[in-house]
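These notes concern the structure reproduced below.
The values are calculated or read from the model by the stated rules, or taken from the named source; none is laboratory data. None of the values given here were measured: they were computed from a predicted structure. All Cβ positions, glycine included, derive from the backbone under ideal geometry; neighbour counts span all protein chains shown.
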Amino acid sequence: MLNTLLVIPPKYGTDFPPLGTPALAGYLKSKGSYVKQVDWNIEYCSSFESENIDRSNVNPYFHILPDKPANELPYSDDTYSSFFFTERLLSSPLLFRFINDHKENPFHRFILEKRLIDEITKLKIDILGVSIISPSQVLFSFTLGYLLKQSASGIHMVIGGQWVSLYRNEILKRNDLAAYFDSAIFFEGETPLFKLICELSNKGDLSKVPNLIYKNGSDLVLSNFRSVERPNELPEPNFDGLPLNKYKAVSDNKVSLTFETSRECYWNRCAYCVDLPHPKQGYRVKSPCLVVRDIRTLLEKYPLRELIMSDPAMSPKQMLGISKEIIKQGLMVSWWCFARPDKQFTKEVFEHAKKAGCTAVSFGLETANQRLLDFLQKGVNLETAKRVFKDCYDAGLGVDLQMMTGMPTETMEEALETIKFLVENKEIIQQVTFNVYYFTPGCLIHKDPLKYGIISQDDPLPFQFFIDFFHSKNGLSKKEALSAIRLYNIFMEKYVH
């Protein structure tokens, strides 16, 4: 069996380790496969986070650098790792030049200075798996793949993750990208990666590997099969090899780890959701007894402070079942989760969760206007949501809300309704996170923008994530949306202080 190294590439968040490579590592180890994992994002962000960019027009990449101040860009990022620069470079004839530019490409310099190719070679691995969650990780991954191929090591590099899943059809159109990787896995990766290892071990047929894009002659092609994971057959994630003490969420030498009890969302209809591109593969849960089995293993192996249940939305039934099983087995664990303000949530459900170690629930409400909730297919009744939040608060849990403004057809009056709702319920709401709406690919709005009052830019780039648009009817500009958020903050400063 071939040896595998899994990589978390820069540039990404550093609060806690993402779940991608630990989930894959746990699965491969359960199959008896040799696997190691590294987080080069942590090392990059600690030593290369400040990128010195020549912003004069002498710079050959000047015309594709962000043309706005960082605070006006998504994630306030105007660097070479920004979404803006990445998506434009991928459609530029300068892509290869940048990948091989040790002066301007900070990822190229990082790989050379840290001697990462030598490190990979010393590990005597056969397969290098790189998890690309965000566009900001693409240029490092492609640079690593190019330099790995230049080393003539013969190592097979496979990329995967949400970015690959979202842009799989665009990747298939770009045979030139095969200069940077050997294959790509889209959607869930546990079974495909293991089967890829098996086929490569036996010099077999890659067309038999599910969910795979691979090179056939000079073309990138799709394999013949698809696979969907069954959560009850998956082991607990394995975080061995990751620098757990270096993540920002470490407190008193204890770490926060991500964990999931289900795959996808049981609602799966919100018009703006890009959790995974459509068509989706369906909601699947892990049984509560197996969830608790996995949690027990994590508690025994790692200095755990809390678990972040990263399910897109934990259902009331799943929350109650898991909570009862934790209580039954006497497990002591702290955790919080994401959820929808579903009518099936009751004070009793939340009380069980509290007793089982839950500290807070982060609800995706987005807006406190019923017309918008219905228009965006949230499946949420505002009066029900108020009752759910109150039940959650009364059970002793923190109530966190995810909100959004500037959504399709939203008026300023409707945005003010949301602010009024938040201020009126400030006593029971622990935290509010506001986002401005951005038009993104892969969601229902993107499939039929006119239906939702959105007019896209004429020709978005193939790998563009934040697509320029304007509202065909009502709709707040980004400036107006930000002003609504500032107004909420002003109200809260007045009432809290």
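Here is how the numbers come out for the structure above:
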| item | result |
| --- | --- |
| Those residues of the range 351-371 which are of a type in the set (A, V, I, L, M), touching a helix residue (DSSP H, G or I) at 6+ places or on another chain (Cβ under 7 Å) and either under 29 Å from residue 419 (Cα atoms) or in a helix (DSSP H, G or I) (or both), in sequence order | 353, 361, 365, 368 |
| Elements of type helices (runs of 4 or more DSSP H) contained in the range 1-89, each with 1 or more residues being within 20 Å of the chain's Cα centre (by Cα), in the same structural domain as residue 110 (by TED's automatic domain parsing) and farther than 21 Å from residue 245 by Cβ | 20-30, 83-89 |
| Any hit, the range 325-337, residues being within 21 Å of residue 257 (Cα to Cα), assigned to a helix (DSSP H, G or I) and touching a Pro at 6+ places or on another chain (Cβ under 6 Å) | yes |
| Some residue of the range 381-388 being assigned to a helix (DSSP H, G or I) and hydroxyl-bearing (Ser, Thr, Tyr) | yes |
| Residue list for the range 201-249, restricted to those being assigned to a helix (DSSP H, G or I) and either without any contact (Cβ under 8 Å) to a residue 12 or more places away in the chain or among the hydroxyl-bearing types (Ser, Thr, Tyr) (or both) | 201, 207, 233, 245 |
| Flag for residue 405 being in contact (Cβ under 8 Å) with a residue 60 or more places away in the chain and touching a His at 6+ places or on another chain (Cβ under 9 Å) | no |
| Of residues in the range 6-28 being closer than 20 Å to residue 45 by Cβ and of a type in the set (A, V, I, L, M, F, W, C), the one surrounded by the most Cβ atoms within 10 Å (Cβ to Cβ) | 6 |
| Odd one out for residue 268, checked against (1) in contact (Cβ under 8 Å) with a residue 40 or more places away in the chain; (2) assigned by TED's automatic domain parsing to the domain that holds residue 329; (3) part of a loop (DSSP other than H, G, I, E, B) | (1) |
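Yes or no, residue by residue, for (1) modelled with pLDDT of 95 or more; (2) surrounded by 20 or more Cβ atoms within 10 Å (Cβ to Cβ); (3) on the phi > 0 side of the Ramachandran plot; (4) in a loop (DSSP other than H, G, I, E, B):
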site	(1), (2), (3), (4)
399	yes, yes, no, no
407	yes, yes, no, yes
410	yes, yes, no, yes
419	yes, yes, no, no
422	yes, no, no, no
433	yes, no, no, no
442	no, no, yes, yes
